[in-house]
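Taking it in order: structure first as structure tokens, then the write-up.
The values are calculated or read from the model by the stated rules, or taken from the named source; none is laboratory data. From a predicted model like this one, the values you see are computed outputs, not experimental measurements. Using ideal geometry, Cβ is built from the backbone for each residue, glycine included, and neighbour counts are taken over all protein chains shown. We work out accessible area using only protein heavy atoms, side chains counted, and drop any ligands, DNA or RNA first. Shrake-Rupley method; radii C 1.70, N 1.55, O 1.52, S 1.80 Å.
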Amino acid sequence: MNYRALCFVDMPFGKKPDLKSGMVVDFDQIYNEAIKPAIEDCGLEALRGDEERTGGIIHSAMFARLLLAEFVVADLTLANANVFYELGIRHAAKPFTTVPIFANISALPFDVALVRAVGYRLKNGKLTKASAQKLRTELAERLRAAIDEVATDDSPLFQLIPKFPGIDLPEEVTETFKDRIKEAEEFREILSAARSKPSRQEKREALLKIQRDRGDLKTVRRSVLIELLFSFRNAEGFDEMVDLYDAFPDYLKDYVVAKQQFALALNRRNQSGDREEALRILDELLKNRGPDPETLGIKGRIHKDIYKEAAEAKKITAGAALDDAINAYTKGFEADPREYYPGVNAISLLIQKGDAEALKEVERLLPLVSFAVARRGGASSSDYWDLATVLELACIGTDWPLAVRILPRALLATTDSFNTETTLGNLQLLKRARERSGQSIPEIDAILAELLARTSELRGEGQVKAK
């Protein structure tokens with residue numbers, strides 16, 4: 001059993017761009033070559049924050065780490081909003097067991113400029129051998145000072161407010177938090193094992209067993225039920241999603257994320273009246289909460305599916321459904337231009353529409369969406385949706401060298417057929433739009449073939465048919 005004290009590392013992960021300098025920072029290299037070794041040099045256990053987020057929306061374990069971990073290292077490079085929010089929580093809890101660090105590619109924001117932080121230098125977004133050793137040494141010195149309880153306060157609250165009490169959790173609360181961390185980790189492993197089954201049917205059966213094992217769902221923690229809902233989605237278990245939502249306690253049915261995913265599941269199940277009910281739910285959310293990228297993105301997907309079916313049946317209503325989808329996706333992107341997902345879908349459908357006004361709107365949106373995905377790491381990201389969006393934008397812009405380079409990374413970045421099937425559908429629409437304009441693009445055919453094969457592999461079924 002491991003009895004070492006925990007040092008929680010709160011930092012970005014993967015490769016992320018600095019928007020001011022244009023430098024792409026390799027945070028994994030910084031963690032592996034300097035931060036983690038420094039922590040282990042001090043006899044502590046290192047746990048990086050993104051590892052806590054792997055399970056999706058279970059946040060309780062991450063907040064518990066911030067409050068309970070004996071030590072925290074926070075990398076303030078790029079002024080990442082999540083890192084700063086979590087640093088604020090930590091500074092309210094502990095006086096001098098938090099060590100901020102940052103790359104000196106830009107100045108720290110004003111509110112933390114006076115915080116005693118360890119700086120480090122980068123070359124082309126990475127630590128050199130010498131700078132890695134320097135950061136390792138200086139970080140270890142700060143941690144050892146905190147271990148020996150001789151460090152001065154590093155929290156502005158403790159510095160400015162005499163006898164600031166911090167957050168001294170009662171023993172029973174501490175034990176409860178520890179139990180929740182353990183439960184979250186165990187549940188995450190159970191869900192991961194279920195999603196790794198070779199076929200969709202086996203995945204669904206494994207997830208249904210997990211659901212049955214929880215017993216009365218009205219007594220199950222909210223985060224567990226929402227996580228299970230997402231797992232069914234990733235396994236394309238849309239019937240199961242609807243049934244699970246119907247079994248939710250009443251308070252959870254009103255939870256925004258639950259309503260959004262229920263609407264998504266209704267659309268994908270598509271029984272009589274499902275889409276009408278899904279649109280009613282989403283319109284109610286928009287009325288009560290205002291424009292939201294996720295709500296409008298799901299609404300856009302429903303209208304897109306209606307359009308595709310109407311177009312295949314050569315119905316006169318296809319054009320109206322296409323306009324409804326474009327409108328929803330565009331509003332979703334404009335509600336928060338940092339969220340590129342509705343933006344790239346709006347572009348794809350505007351190309352599908354293909355008239356002069358639509359193509360002019362493509363010209364307006366394209367640089368905005370490209371910037372939004374670049375802010376999230378773009379081609380340097382390890383996230384599937386970031387990479388899939390770069391792939392779609394490359395195909396839209398006929399940048400085939402970039403598309404070929406990104407494709408294998410995107411295919412390996414997910415184990416969920418829901419993800420690859422979504423990208424597959426978007427690129428099939430793009431292909432049809434190009435063909436209608438008289439273009440034959442063998443490059444996109446090759447990309448579609450790879451996406452078909454990967455989706456088939458993840459489903460554990462025969463070859464998926466192009467739609």
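The table below lists the values:
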quantity: Contour excess over end-to-end distance, with Cα ends at Ser440 and Glu284 and 0.36 nm allotted per residue; calculated: 51.9 nm
quantity: Rg/Rh ratio calculated on Cα atoms of segment 339-467 (Kirkwood radius); calculated: 0.95
quantity: The chain - charge dipole about Cα centre, Lys and Arg +1 at Cβ, Asp and Glu -1, debye rounded to 20; calculated: 980 debye
quantity: Segment 317-425 - charge dipole about Cα centre, Lys and Arg +1 at Cβ, Asp and Glu -1, debye rounded to 20; calculated: 340 debye
quantity: Sum of side-chain charges, Pro100 neighbourhood, beta-carbon under 9 Å (Lys, Arg +1; Asp, Glu -1); calculated: -1
quantity: Scaled radius of gyration (Cα, divided by 2.2 N^0.38 Å) that segment 71-149 gives; calculated: 1.10
quantity: On Cα atoms only, tilt of 222-234 relative to the major axis of the chain in degrees; calculated: 40 degrees
quantity: FRET efficiency estimate (nearest 0.05) - Cβ-Cβ, Leu412 to Glu186, R0 30 angstrom; calculated: 0.65
quantity: q = 0.12, 0.14 Å⁻¹: log10 I(q)/I(0) that the Debye formula gives for the chain, counting C-alpha atoms only; calculated: -1.18, -1.44
quantity: Three-way shape label, segment 388-433, alpha-carbon gyration tensor, a/c 1.5; calculated: oblate
quantity: Ordering of 399-406, 295-302 by packing [mean C-beta count within 10 Å, highest first]; calculated: 295-302, 399-406
quantity: Within the accessible area of the chain (1.4 Å probe), percent carbon and sulfur; calculated: 52 percent
quantity: All-pairs Cα distance distribution in segment 264-415, expressed in whole percent, bin size 5 Å; calculated: 2, 10, 16, 19, 19, 17, 11, 4, 1, 0
quantity: By average C-beta atoms within 10 angstrom, highest first, the peptides 305-314, 446-455; calculated: 446-455, 305-314
quantity: Mean accessible surface per residue for segment 259-348, computed with a 1.4 Å probe while every protein chain stays in place, in Å²; calculated: 45 Å²
quantity: Given charges at Cβ of Lys, Arg, Asp, Glu: segment 249-384 dipole, positive-most of Leu296, Gln271, Ala328; calculated: Gln271
quantity: Per-q log10 I(q)/I(0), segment 188-247, q = 0.12, 0.13, 0.19 Å⁻¹ (Debye; single scatterer per alpha-carbon; no solvent); calculated: -0.23, -0.27, -0.60
quantity: Integer Hz, Karplus 6.51/-1.76/1.60 couplings in order for segment 429-442, x for Gly and Pro; calculated: 4, 4, 4, 5, 5, 5, 5, 5, 8, x, 9, 10, 10, x
quantity: Cα-based helix-to-principal-axis angle, 293-312 vs the chain, degrees rounded to 10; calculated: 20 degrees
quantity: The chain: angle of helix 256-269 to the longest principal axis, Cα-based, in degrees nearest 10; calculated: 30 degrees
